[in-house]
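Trainee: Encoded as structure tokens, here's the structure I'll be asking about.
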Amino acid sequence: MPLDPAGSGSASSGPLPPGRAADALLAELRALREGDAPTRGGRTFAYVYDAGLPGLDGLAAEAYAVHASVNGLDPTVFPSVARLENDVVGAVAAVLGTPGVQGTFTSGGTESVLLAVKTARDHARAGRGVDRPELVLPSTAHPAFHKAAHYLGVDPVVVPVDPVTFRADPDAVAAALTPRTVLVAASAPSYAHGVMDPVAGIAAVAAERGVLCHVDACIGGWYLPFLRRTGRPVEPFDLSVPGVTSLSVDLHKYGYADKGASVVLYRDAELRRHQYFAHAGWPGYPLVNPTAQGTRSAGLLAQAWAVLRHIGGDGYTALAERVAAAAERLVPGLRGTEGVEVLGEPAGSLVAFTVTGADGAPDLGLVLHTADGMRERGWYLQPQLSCAGMPPNLHLTLTPATGDRVEALLADLRASLAAARAAEPVAVDPAVAGAVAGLDPDRLGPEEVAAVLALAGIGPGAPPPTRTAPVLALLDALPDRLKERLMTEFVGSLFRV
Ligand SMILES: *Cc1c(COP(=O)(O)O)cnc(C)c1O
């Protein structure tokens, strides 16, 4: 059976073909993976987190397999689920919590944030009768909060951050609080710039007004405590900070577990109970769901449990040391590179930098050309577009696997920068940009969307562009709502059925 990595053969729609041998299917999966970015080796940032520990992937896979068929829906039928979850949440609470803290294992940061917002909404409804809830968010808060607000009928109230440090501003947060505010968010650190919000200041203004405060430590929560154990200073950010009432931390980032592993913590049981959903008014089984999911495999919980316990506190401290040592070479290397500007003061493992043009101002074209150049050299840095006065930049997440490669990264970056400066500037045809910007995102039909995507070189049947600069430059020039509409169509076009 010929393999078809492009997916037009066996993956096409139509009746399910006759069954095939396990070996052939596994071979096909392995062949498909060859077209993906590498998940190990420390050259793919943001999407994957590589501890660089031999045997860890095998352990996670075997632990998953042991529990793969167990249904996490009901810990009374499968008591191992309660035991594993208590172990995992207990370990997280011991590092980031205070006595009395309770929590839940979830599928990821998005679900942890969704649950924290739902909990705050229902808590405010029950306690204060808030029926038109608001969520106060610094502009750097992760989109998971906007998604939660959208799903849950909560109004997001976005406040600006400091334009130089990119840290949230407690005064701006305080000024946005109203009797409808159900939750305030702070990041430790923010995803986009990797800088710490002033958690204590934000939690204090929230507490003063009797409002809950969530710390989004999805990315930093399992790195910063161990960084502190290496002897480096880390600002307080967890539930021990007065006024912090909930916190999210992803074990599938710096916990180095496989994807699908996060924990949300609450200051006490009274708060956490608002997260649970129970339903008795149907003729089926009495249902209680702690999370957004119903039936779920316990495999993800088991692999996270095994990875957490295998690495252990000493192991995570050693890994944090490797990441910090890499950051301590990378950040000065970036700062010492002409035309590179590190944004804000990175809290450790995440770094965002922009590239400046001849006039000394951030230059979108150079940023995007540099990203493409790095990709050609085997590095996947994440381009981030300009937003609310914050410059376009490239984002990277350091893991231990990049530890030995910092100098190679910097050398390739300098080569990519030189090539970017020598290349044709990324020019968006003003006529195209003008025509596209004039479109009403809410009234676009499928043909108009297809025409715009074709202008950007993306179309049905067209191979994905090898250089993303022209596409992203056009996107950067558009209003957010239009960007969102076009991105939705584009991603929808990848899922052809
Ligand atoms: C990754 C991340 C999230 C969202 O988590 P997912 O695991 O991608 O669902 C939320 N907040 C921050 C700060 C993150 O880094």
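Trainee: To the nearest 0.05, how large is the calculated FRET efficiency for SER80 and ALA200 if R₀ is 25 Å and r is the Cβ-Cβ distance?
Mentor: That pair, SER80 with ALA200, gives E of 0.05.
Trainee: Related question: Show me the helices of the chain, taken as full DSSP H stretches, that run 15 Å or more along their long axis by Cα and average -1.0 or above in Kyte-Doolittle hydropathy.
Mentor: 22-33, 56-67, 79-96, 109-128, 299-335, 364-376, 406-422, 480-494
Trainee: Further question on the same structure: So between ALA22 and ALA68, what do we pick up on full extension, going 0.36 nm a residue minus the alpha carbon distance?
Mentor: Going from the current span to full extension adds 14.8 nm.
Trainee: So if R0 is 41 Å, what FRET efficiency would ASP429 and ASP268 give, r being the distance between their Cβ atoms, rounded to the nearest 0.05?
Mentor: Approximately 0.10, to the nearest 0.05.
Trainee: Only bridges whose two residues both fall in the chain count here: according to DSSP, what percent of them are antiparallel, nearest 5?
Mentor: Within the chain, antiparallel bridges account for around 60 percent of the total.
Trainee: Continuing with the same structure: At 7 Å along the Cα-to-beta-carbon direction for both THR165 and VAL288, put a label point, then send me their distance in nm to one decimal.
Mentor: Label-label distance for THR165 and VAL288, simple model: 4.4 nm.
Trainee: Compute the FRET efficiency between SER297 and ARG496 as 1/(1 + (r/R0)^6), taking r as their Cβ-Cβ distance and R0 = 25 Å, and round to the nearest 0.05.
Mentor: 0.35
Trainee: Then there's this: What percent of all Cα-Cα pairs in segment 1-157 falls in each 5 Å bin, counting up from 0?
Mentor: 1, 6, 9, 11, 13, 14, 15, 12, 9, 5, 3, 1, 0
Trainee: Under a point spin-label approximation (7 Å from Cα along Cα-to-Cβ), what is the ASP314-ALA411 distance to one decimal in nm?
Mentor: About 3.6 nm, to one decimal.
Trainee: What list of whole percents do you get for P(r) of the chain, with Cα-Cα distances grouped in 10 Å bins up to the one holding the largest distance?
Mentor: 4, 17, 26, 28, 19, 5, 0, 0
Trainee: Among 204-210, 446-452, how do they line up from the highest to the lowest mean number of other beta-carbon atoms within 10 Å?
Mentor: 204-210, 446-452
Trainee: If you take every residue apart from VAL264 with its C-beta less than 11 Å away from the C-beta of VAL264, what net charge results, scoring Lys and Arg +1 and Asp and Glu -1? Each step should come with its number before you reach the end.
Mentor: On the way: positive: LYS118, ARG272; negative: GLU111, ASP216, ASP250.
It works out to a net charge of -1.
Trainee: Right, something else. According to a simple spin-label model (label point 7 Å from Cα along Cα-to-Cβ), what is the distance in nm between ALA61 and GLU235?
Mentor: Calculated label separation equals 4.1 nm.
Trainee: Cut-off under 18 Å on the C-alpha distance; same-chain residues fewer than 8 positions from LYS483 excluded. Which lysines are left, in chain and number order?
Mentor: Result set, ordered by chain and number: LYS147.
Trainee: Follow-up question, since we're still on this one. So if each residue of separation counts as 0.36 nm, and I subtract the Cα-Cα distance between ARG180 and LYS483, what length gain in nm does that give?
Mentor: Using 0.36 nm per residue and subtracting the Cα-Cα distance, I get 106.1 nm.
Trainee: Please report the orientation-averaged projected area of segment 410-497, defined via the convex hull of its C-alpha atoms, in nm².
Mentor: Across all orientations, segment 410-497 yields a mean hull projection of 7.1 nm².
Trainee: Taking neighbour counts of Cβ atoms within 10 Å as a proxy for exposure, in what order, fewest first, do PHE277, PHE237, PHE45 appear?
Mentor: Ranking PHE277, PHE237, PHE45 by Cβ neighbours within 10 Å, fewest first, gives PHE277, PHE45, PHE237.
Trainee: May I pose another question? Along the principal axes of its C-alpha atoms, what lengths does segment 238-294 span, in descending order and rounded to whole Å?
Mentor: Principal extents (largest minus smallest coordinate, Cα): 43, 32, 10 Å.
Trainee: Can you give me the relative contact order of segment 302-429 as a percent, contacts being Cα pairs under 8 Å and 6 or more apart? Please report the intermediate quantities before stating the final value.
Mentor: Numbers: 158 pairs, mean separation 33.3, N = 128.
Worked out over segment 302-429, it gives 26 percent.
Trainee: How much of the pair distance distribution for segment 340-404 lies past 15 Å, counting alpha-carbon pairs only, in percent?
Mentor: Of the Cα pairs, 53 percent sit more than 15 Å apart.
Taken together, the values in this text are just the output of simple stated rules run on the coordinates, not laboratory data. It should be emphasised that the depicted structure is a prediction, and the values quoted were computed from it without experimental measurement. Cβ atoms come from the backbone with ideal geometry, glycine included; neighbour counts cover every protein chain shown.
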